[in-house]
Amino acid sequence: MTEQLRLMAVHAHPDDESSKGAASMAKYVAQGVDVLVVTCTGGERGSILNPKLQGDPEIEANIHEVRRNEMDAARELLGVRQAWLGFVDSGMPEGDPLPPLPEGCFALEPLEMAAEPLVRLIREFRPHVITTYDETGGYPHPDHIMTHTITMAAFEAAGDPGAYPKSGEPWQPLKVYYNHGMSMARIRALHAYMGEHGHESPYGEWIAAWEKEGRDDPEFTTRVHCADWFEVRDRALIAHATQIDPDGPWFQVPLDVQREVWPTEEYELARSLVDTSLPEDDLFAGVTV
């Protein structure tokens, strides 16, 4: 190997990087891979989900700065680099019918304009592999769906000399993956283990809701063994204090149980320009530099 491997993880909001693929990223950092997290929005419209911090007027008045500081703390724990694309959080619309999205938000940006800063960043960082969400966004938040859309467009455009000619020298990433860390298979396995060993599972309501929706897992092509970095993942997630309650359901299954029952993070290979054999255990399978 003559060149350092580079991984780019494209996410919608600060905290997404710590709940989706964080242990894999920390593992790759430990192996010498240069990892860059790209955060599309500032998370300005995200609700304060940690009940211990709800109603704090100072946090509410400075949520943009607070979430940036949380991102800095998580970035340092994971050992990654991080860049902001600078778009405005669209918020999660609620109601029936759903209200219109706020003017100027990320999800309403024209695709050509929204993809340009990501193309520029790809050409600057020159990643071999990119991870993002599938076409559903992982869940139907408009920013997650838009993140998928611009990432796939940027993957195609970054290596095209005729696309965005003023946005840097062309660079073609070799693979793009969808991350599927919160799979039904994983949740069911942990739920079953907890029940079989006389422990209360935090996942009963999740499973019931998914069954009602008729939700199925996508096809996993790649399983990255990263159990040794689960603790780092959790510490990075807790760093997003406005979003994560350290006493909440995310942390009710002991790490030793998680390492035993489900020691991997799952991905779906969406596009590859190199030969690889499925299933994989490495996002860089087939990549030579």
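The values are calculated or read from the model by the stated rules, or taken from the named source; none is laboratory data. None of the values given here were measured: they were computed from a predicted structure. Backbone-built Cβ (ideal geometry, glycine too); neighbour counts: all protein chains shown. Note: accessible area is taken over every heavy atom of the protein model, side chains too, but ligands, DNA and RNA are not part of it. Shrake-Rupley method; radii C 1.70, N 1.55, O 1.52, S 1.80 Å.
So the values come out like this:
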| quantity | calculated |
| --- | --- |
| Residues that are over 23 Å from F251 (Cβ atoms) and open to solvent by less than 20 Å² (accessible area, probe 1.4 Å), drawn from region 1-33 | L7, M8, V10, Y28, V33 |
| Residue that is among the charged types (D, E, K, R), within 16 Å of the chain's Cα centre (by Cα) and closer than 30 Å to L5 by Cα, where the choices are E265, E231, E219 | E265 |
| Qualifying residue in region 113-125 (condition: open to solvent by less than 20 Å² (accessible area, probe 1.4 Å), assigned to a loop (DSSP other than H, G, I, E, B) and over 21 Å from N179 (Cβ atoms)) | no |
| Looking only at region 170-200, and only at residues there that are modelled with pLDDT of 95 or more and among the hydroxyl-bearing types (S, T, Y), the one that is most open to solvent (accessible area, probe 1.4 Å) | Y193 |
| Count - residues of region 210-232 that are farther than 30 Å from S272 by Cβ and modelled with pLDDT of 90 or more | 1 |
| Residues of region 202-240 classified as under 24 Å from N50 (Cα atoms), free of Cβ contacts under 8 Å to residues at least 60 places away in the same chain and not β-branched (V, I, T), total | 10 |
| Residue identified as touching a strand residue (DSSP E or B) at 6+ places or on another chain (Cβ under 7 Å) and either open to solvent by 20 Å² or more (accessible area, probe 1.4 Å) or in a loop (DSSP other than H, G, I, E, B) (or both) among R75, R68 | R75 |
| Within region 206-217, tally of residues that are within 15 Å of R186 (Cα to Cα), assigned to a helix (DSSP H, G or I) and either open to solvent by 100 Å² or more (accessible area, probe 1.4 Å) or touching a Gly at 6+ places or on another chain (Cβ under 8 Å) (or both) | 1 |
| Conditions (1) open to solvent by 80 Å² or more (accessible area, probe 1.4 Å); (2) part of a strand (DSSP E or B); number of the one not met by E58 | (2) |
| Matching residues, region 14-51, being part of a loop (DSSP other than H, G, I, E, B), within 16 Å of H141 (Cβ to Cβ) and over 11 Å from the mean Cα position of the chain (by Cα) | G42, G43, E44, R45, G46, S47, L49 |
| Of all residues making up region 218-255, the number that are over 30 Å from D56 (Cα atoms), in a helix (DSSP H, G or I) and not acidic (D, E) | 4 |
| Of residues in region 234-259 being among the β-branched types (V, I, T) and open to solvent by less than 60 Å² (accessible area, probe 1.4 Å), the one farthest from the chain's Cα centre (by Cα) | V257 |
| Residue under evaluation P165, criteria (1) free of Cβ contacts under 8 Å to residues at least 12 places away in the same chain; (2) assigned to a helix (DSSP H, G or I), criterion not met | (2) |
